[in-house]
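Remarks on the structure that follows.
The values are calculated or read from the model by the stated rules, or taken from the named source; none is laboratory data. Computed from a predicted structure; not experimentally measured. When we count neighbours, we look across all protein chains shown, and the Cβ atoms used for this are built from the backbone with ideal geometry, even at glycine. All accessible areas refer to the heavy atoms of the entire protein, side chains included, with ligands and DNA or RNA removed. Shrake-Rupley method; radii C 1.70, N 1.55, O 1.52, S 1.80 Å.
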Amino acid sequence: MSAALARLTTPTEPDGSRPVVGYVGADVPVELLTAAGMHPLRLTGSPGEPSTAGDRYLGTGLDPVARSVLTRLLDGAYGHLDGLVVSRDCEASSRLFYAVRELKRIDPAAPLPPVQLVDVLHLPHRTTTRYVHAKLAGLRATLETWAGRPITDDDLAEAIGQHNRLRHLLREIGELRGRTPALLSGTQALSLVAATTRLPVRDACSLAERLLAEQPSEVDGLRVFLTGSGHDEPGVYAALEEAGLVIVGEDHDWGDLLSLRDVEAPTMLALAERYQHNGPSAPRASIRRRAEHTASAARARGAGALISYARVHDDAPPWDFPAQRALCGLPSVLLDRQPYGGLTDDALAAAAGLRGPVGAVR
């Protein structure tokens with residue numbers, strides 16, 4: 001692993017020079033957090049740790065990521081947070097927001113930060129744009145209150161430029177996976193993208209530039225495109241790649257979807273349009289749109305097979321899979337009801353079976 005990649009994939013703690021605001025979901029406009037002078041920190045779960053507190057308040061029938069995040073919030077695992085922004089990107093995120101807000105209400109001394117919900121809709125209508133614009137304006141006002149100062153238009157323009165730059169660099173890094181052979185593994189790419197969500201945007205850009213300047217190494221294996229549930233940690237990627245596969249692309253918002261679209265102008269309206277039209281994610285997009293995007297992205301990366309990974313209590317991916325499989329026209333497998341951060345033995349065997357004769361696993 002290169003020095004830059006090792007640095008990016010090593011967890012870093014905020015340096016205390018600015019307020020830290022945690023956020024959940026790719027619908028949160030991080031540009032506003034940066035413009036407010038804050039350190040945005042995307043919160044991840046921890047599949048190797050019990051989620052007892054989260055299970056207590058959210059129930060065990062909800063996506064385990066949300067339950068893990070709530071547990072870690074209550075345990076103080078993220079360090080001091082000056083605020084928390086949660087997007088309504090799925091049912092689990094919504095329930096996480098309401099749980100945090102209620103716990104904070106009934107026990108003001110609880111180790112929980114003030115929390116704000118941001119509701120971004122993804123319908124292709126002008127009325128939707130106006131709605132999203134209003135919701136982002138409300139978030140801007142809340143962040144100004146937390147920061148104790150206004151967010152100027154110059155602050156916003158600078159933050160938009162910085163985050164566009166980071167997205168551009170991440171797309172360049174993604175192109176390394178599309179080479180033949182691939183010049184970056186899926187595990188490395190996922191870890192890299194996750195690391196940029198923990199760093200101030202200038203630091204993330206600097207380290208991404210260093211990675212692009214280094215000599216990449218070739219990665220061998222059956223080229224696979226991964227769809228389905230999101231992955232906030234690399235356990236599943238590592239297991240699949242250890243089985244002889246190489247994940248050359250994905251369509252979840254901890255991977256390629258995060259950097260797919262830029263903000264087209266340094267304005268609040270353009271910011272609203274970027275998040276309105278961002279995606280398509282499994283919980284919020286139509287089956288047809290998901291399938292079209294998956295097929296196009298898999299072709300662009302030269303994938304030779306398709307894997308849909310569906311985490312337990314994440315019900316959207318299995319509905320998408322038949323249309324994705326049909327449009328991709330690749331050897332495909334659905335790995336349904338999988339544990340958070342891992343794979344059952346049967347699922348791993350099914351995925352590894354894609355390396356056999358074409359058509360052996362579909």
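Numbers below:
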| read-out | value |
| --- | --- |
| 1.4 Å probe accessible area per residue over the chain, in Å² | 42 |
| Reported label for calculated Rg/Rh (Cα atoms, Kirkwood Rh) given (i) 0.95; (ii) 1.35; (iii) 1.02 | (i) |
| Where only C-alpha atoms are counted, convex hull volume of region 118-242 per residue in Å³ | 149 |
| Residue-count net charge about Ala285 - beta-carbon cut-off 13 Å; Lys, Arg +1, Asp, Glu -1 | -2 |
| Region 302-362 - percent relative contact order, Cα under 8 Å, separation 6 or more | 37 |
| Shape category assigned to region 298-362 from the gyration tensor of Cα positions, a/c cut at 1.5 | oblate |
| Approximate spin-label separation Arg210-Leu123, in nm, with each point projected 7 Å along Cα-to-Cβ | 4.7 |
| Virtual spin-label span in nm between Ala109 and Arg337, 7 Å along Cα→Cβ | 4.4 |
| Chymotrypsin sites (Phe, Trp or Tyr not before Pro) within region 91-200, DSSP loop, no more than 15 other Cβ atoms inside 10 Å | none |
| Of every Cα-Cα pair in region 222-283, the percent that sits beyond 15 Å | 57 |
| Heavy-atom accessible surface of the chain: percent carbon and sulfur, 1.4 Å | 51 |
| Most mobile listed residue (Ala239, Ala77, Ala137) in the chain, GNM with C-alpha springs under 10 Å | Ala77 |
| Within region 114-146, backbone nitrogen closer than 20 Å to the virtual label 7 Å beyond the Cα of Glu102 toward Cβ | 114-119 |
